[in-house]
């Protein structure tokens, strides 16, 4: 009798866990990564938090410290790139003290949400991670904000301010 009650209890717990998992189908684990400085901002530090939900929407935030000044005609723009497929998702410009211009050196942040790749062979398709090592988050010093094509201030990799590969 005790074994039957125990078995029913286990079944009830498993059923509850299953219902809970399906009640929130877009829940995905959030990943946190340190951003590595690139040639354009060798003294910078930063952190990235992101997740990709079951619909293929990439969302998260990035915080960067000690970015060099760019002047009034350049921007720091954050991208997600699948290096194995060439797909890119524009995530947006990093904001410095309530402005997209880094006239003075300093810190910046961005909250992003991208439902699809903006350019590449799978443009407008939902976002997915490739195999380990093929997923690049990159902050680029750009002279134009374009949601389809990066416009670096100098040829990469010299225009790369920060990056993280997973």
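Rule-based calculations on the coordinates, nothing more; no lab input. None of the values given here were measured: they were computed from a predicted structure. Backbone-built Cβ (ideal geometry, glycine too); neighbour counts: all protein chains shown.
Details
- Ranking of 50, 80 by count of other Cβ atoms within 10 Å, fewest first: 50, 80
- Potential lengthening of the chain between residue 31 and residue 134 amounts to 35.5 nm, from the contour at 0.36 nm per residue minus the alpha-carbon distance.
- The C-alpha atoms of segment 25-165 occupy a region whose extents along the principal axes are 43, 27, 26 Å, arranged from largest to smallest.
- Extension gain, residue 158 to residue 109: 0.36 nm times the residue separation minus the Cα-Cα distance gives 15.5 nm.
- Remark: 107, 66, 84 ranked as 84, 66, 107, counting other beta-carbon atoms within 10 Å and listing the fewest first.
- The stretch between residue 85 and residue 148 holds 21.1 nm of extra length on full extension. This uses 0.36 nm per residue minus the Cα-Cα distance.
- Backbone N atoms of segment 123-147 closer than 13 Å to the 7 Å Cα→Cβ label point of residue 116 belong to residues 123-127.
- Percent RCO, i.e. relative contact order, over segment 18-166, from Cα pairs under 8 Å lying at least 6 residues apart: 27
- Estimated inter-spin distance, residue 97 and residue 54, nm [label 7 Å along Cα→Cβ]: 4.6
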